[in-house]
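Notes for the one structure printed next.
The numbers here are math on the coordinates, done by the rules we state, and not lab data. Quick caveat: nothing in here was measured; it's all calculated off a predicted structure. Cβ atoms come from the backbone with ideal geometry, glycine included; neighbour counts cover every protein chain shown.
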Amino acid sequence: MMNDTFQVIVAFVGAGAIGLGLVSLFVILTFAFSRVASIEEKISRPGNSTQEQRKIWGNDPLGRLMRSSYVFTFLVLRSMPSNRLNRSAAQIGDVSTRLPVRLTLWALLPPLLLYGCFVVLLIVGLLL
């Protein structure tokens, strides 16, 4: 009996993770993308890869997701204490650019939530 209850709870957690992940994906593609685009404009400088990514991926849903992931990667690499990671972030954009916290949170929280839901789904898949 305990095993069945555990499986039902894990299944509900997995379904909740799918729902929350889809909501997060919707937020990334709609509401948060205007903020991501403004971050792209602020960190872009001639010769870095932010401008190239904008040309390559465009503005369709897959392009928005890829560009959001690219800005997320830049923000994460820039915040790390390693010089090597900061150099990698400098290839993406201008590391010295000051960004408002609210703008940064719009680019960080929805992808973190999406990736967290994916990890929960992987764990649920292992448990079921």
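Against the conditions (1) in contact (Cβ under 8 Å) with a residue 40 or more places away in the chain; (2) among the hydrophobic types (A, V, I, L, M, F, W, C); (3) in contact with a Lys or Arg (Cβ under 7 Å, 6 or more places away or on another chain); (4) under 14 Å from residue 44 (Cβ atoms), where does residue 103 fall short? Just the number, please.
The single condition residue 103 does not satisfy is (4).
Within region 106-128, which residues are among the aliphatic types (A, V, I, L, M), without any contact (Cβ under 8 Å) to a residue 40 or more places away in the chain and more than 17 Å from residue 35 (Cβ to Cβ)?
119, 122, 123, 126, listed by residue number.
Would you check if residue 18 is surrounded by fewer than 18 Cβ atoms within 10 Å (Cβ to Cβ), aliphatic (A, V, I, L, M), touching a residue at least 60 places away in the same chain (Cβ under 8 Å) and closer than 22 Å to residue 112 by Cβ?
Details: surrounded by fewer than 18 Cβ atoms within 10 Å (Cβ to Cβ): yes; aliphatic (A, V, I, L, M): yes; touching a residue at least 60 places away in the same chain (Cβ under 8 Å): yes; closer than 22 Å to residue 112 by Cβ: yes.
Against the criterion (surrounded by fewer than 18 Cβ atoms within 10 Å (Cβ to Cβ), aliphatic (A, V, I, L, M), touching a residue at least 60 places away in the same chain (Cβ under 8 Å) and closer than 22 Å to residue 112 by Cβ), residue 18 qualifies.
With respect to residue 60, determine if the residue is among the acidic types (Asp, Glu) and either more than 29 Å from residue 21 (Cβ to Cβ) or touching a residue at least 24 places away in the same chain (Cβ under 8 Å) (or both).
Values: among the acidic types (Asp, Glu): yes; either more than 29 Å from residue 21 (Cβ to Cβ) or touching a residue at least 24 places away in the same chain (Cβ under 8 Å) (or both): no.
Taking the combined requirement at face value, the residue does not satisfy it.
For residue 70, all conditions in the list (1) loosely packed, with under 15 Cβ neighbours inside 10 Å; (2) assigned to a helix (DSSP H, G or I); (3) of a type outside the set (Gly, Ala, Ser) hold save one; what is the number of the exception?
(1)
Check off (1) hydroxyl-bearing (Ser, Thr, Tyr); (2) free of Cβ contacts under 8 Å to residues at least 24 places away in the same chain; (3) over 19 Å from residue 112 (Cβ atoms) for residue 50 and give me the number that stays unchecked.
(2)
Residue check: is residue 95 closer than 17 Å to residue 21 by Cβ and either assigned to a helix (DSSP H, G or I) or of a type outside the set (S, T, N, Q) (or both)? I'd like the intermediate steps shown before the answer.
Working: closer than 17 Å to residue 21 by Cβ: no; either assigned to a helix (DSSP H, G or I) or of a type outside the set (S, T, N, Q) (or both): yes.
It is false that residue 95 is closer than 17 Å to residue 21 by Cβ and either assigned to a helix (DSSP H, G or I) or of a type outside the set (S, T, N, Q) (or both).
Of all residues in region 44-62 being more than 17 Å from the chain's Cα centre (by Cα) and either aliphatic (A, V, I, L, M) or part of a helix (DSSP H, G or I) (or both), which is surrounded by the fewest Cβ atoms within 10 Å (Cβ to Cβ)? If you could, list the steps in order and put the result at the bottom.
Kept after step one, since they are more than 17 Å from the chain's Cα centre (by Cα), are these residues of region 44-62: 44-49, 51-52, 55-56, 58.
Now restrict to residues that are either aliphatic (A, V, I, L, M) or part of a helix (DSSP H, G or I) (or both): 49, 51-52, 55-56.
Numbers: 49: 14, 51: 15, 52: 11, 55: 7, 56: 11.
It comes out as 55.
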